[in-house]
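Here the structure is laid out as structure tokens; the discussion comes afterwards.
Nothing in this text is a laboratory measurement; each read-out follows from the coordinates by a stated rule. This is a predicted model, so every value here is computed, not measured. Cβ coordinates were reconstructed from backbone atoms using ideal geometry, including for glycine residues, and neighbour counts include every protein chain displayed.
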Amino acid sequence: MITSEDLRFFSVVAGADSVAAAARQLGVTPSAAGQRLAALERRVGVRLADRDRRGLRLTDEGRLLADRAAALVAELDDLDDALAARREDVGGHLHVVAPLGFGRRHVAPLAARFRERYPAVTLDLTLTAAREPEAAYDLWVHIGELRDTALVGRRLAPNDRWLVAAPSYLDTAGVPARPADLAAHACLVLRENDEDASLWRFSRGGREEAVRVTPALASNDGEALRTWALDGLGLMVRSEWHVADDVHAGRLVRVLPDHALPPADVTALLGSRRGRTARTQAFLDLLLDALRLPPWRRPPAGADAPLGTT
């Protein structure tokens with residue numbers, strides 16, 4: 001007999017490219033996930049997925065179960081919501097997805113607060129480097145421009161991108177006076193998905209200027225770039241939310257502040273499969289309240305001046 005927990009488990013497996021990836025989402029070891037999948041296959045009497053070094057591929061029976069599982073889990077969650085509404089309560093299972101760094105700093109604490117407020121809700125927070133939704137979710141916290149225009153989001157907070165560097169780097173290499181000067185500087189580049197990461201776009205007075213920089217150091221991790229910048233190794237473009245505290249404290253300095261970079265506003269995307277359930281709306285309300293005055297735009301205690309610039 002297949003249980004609702006089996007359906008939820010296999011929905012995660014079906015959306016992953018390997019047993020190890022599914023295990024990370026489930027918060028268990030790969031061996032535990034593999035054993036659970038094997039046990040499920042024994043109970044249903046058919047093989048659901050082929051597993052080898054290249055990853056995980058669903059069989060025809062696995063695809064059938066995955067499709068039915070998604071629909072059945074959605075119906076179960078809708079039933080939970082309907083019963084919760086009768087109780088004037090918020091319950092059920094909530095799956096929230098957020099970017100790695102932003103999720104750790106801003107979404108995870110809110111998830112803990114949400115759980116305290118709504119103990120009848122079980123919450124799964126997935127932190128990912130992906131820029132577009134890849135699997136089923138209730139609420140996706142997205143930063144930056146949406147490539148898929150069919151996705152409808154709710155703006156949570158403004159978030160600019162800044163060009164910054166450590167004072168020690170600028171003392172040694174000099175301060176760029178215009179974007180074209182960046183060609184002679186050490187630049188730290190964040191590589192994300194298939195974006196052209198070394199092409200930096202600026203605008204001023206209605207005029208746009210694109211500069212191709214040569215990466216002195218590059219990484220797919222924003223925190224690695226921040227560490228390099230703090231060590232005085234070069235200039236980087238980073239989200240305001242990530243470096244505002246460093247600029248406030250003088251550890252980093254804004255460079256070319258009169259040249260704007262494309263903004264990367266924070267948006268909430270609602271899962272189309274389940275829509276705006278009571279628990280999804282409750283979490284969205286918590287996000288909106290927490291980010292109404294974004295933490296990265298709150299001056300530190302005792303600070304009257306705007307963020308330092310060069």
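General observations
- Among the trypsin sites (Lys or Arg not before Pro) within the stretch 149-238, those in coil by DSSP and having at most 15 neighbouring Cβ atoms inside 10 Å are Arg191.
- Rounded to the nearest 20 debye, the dipole magnitude of the chain is 220 debye, with +1 charges on Lys and Arg beta carbons, -1 on Asp and Glu beta carbons, and the Cα centre as origin.
- Helical runs assigned H by DSSP (4 residues or longer) give the chain a calculated mean residue ellipticity at 222 nm of -11000 deg cm²/dmol, each run adding -39500 (n - 2.57) before division by the residue total.
- Computed about its Cα centre, the charge dipole of the stretch 161-254 is approximately 340 debye, with only Lys, Arg, Asp and Glu carrying charge at their Cβ.
- Farthest toward the positive end of the dipole of the chain, out of Ala173, Ile2, Ala16, is the Cα of Ile2, where the dipole comes from beta carbon charges about the Cα centre.
- For the pair the stretch 171-233 and the stretch 238-262, the centres of their Cα atoms are 12 angstrom apart.
- Relative contact order (percent, whole number), the chain, Cα cutoff 8 Å, 6+ residue spacing: 20 percent
- Note, ³J(HN,Hα) from phi for the stretch 154-163, Karplus 6.51, -1.76, 1.60, rounded to Hz, x at Gly and Pro: 10, 5, 9, 6, x, 7, 7, 10, 10, 8
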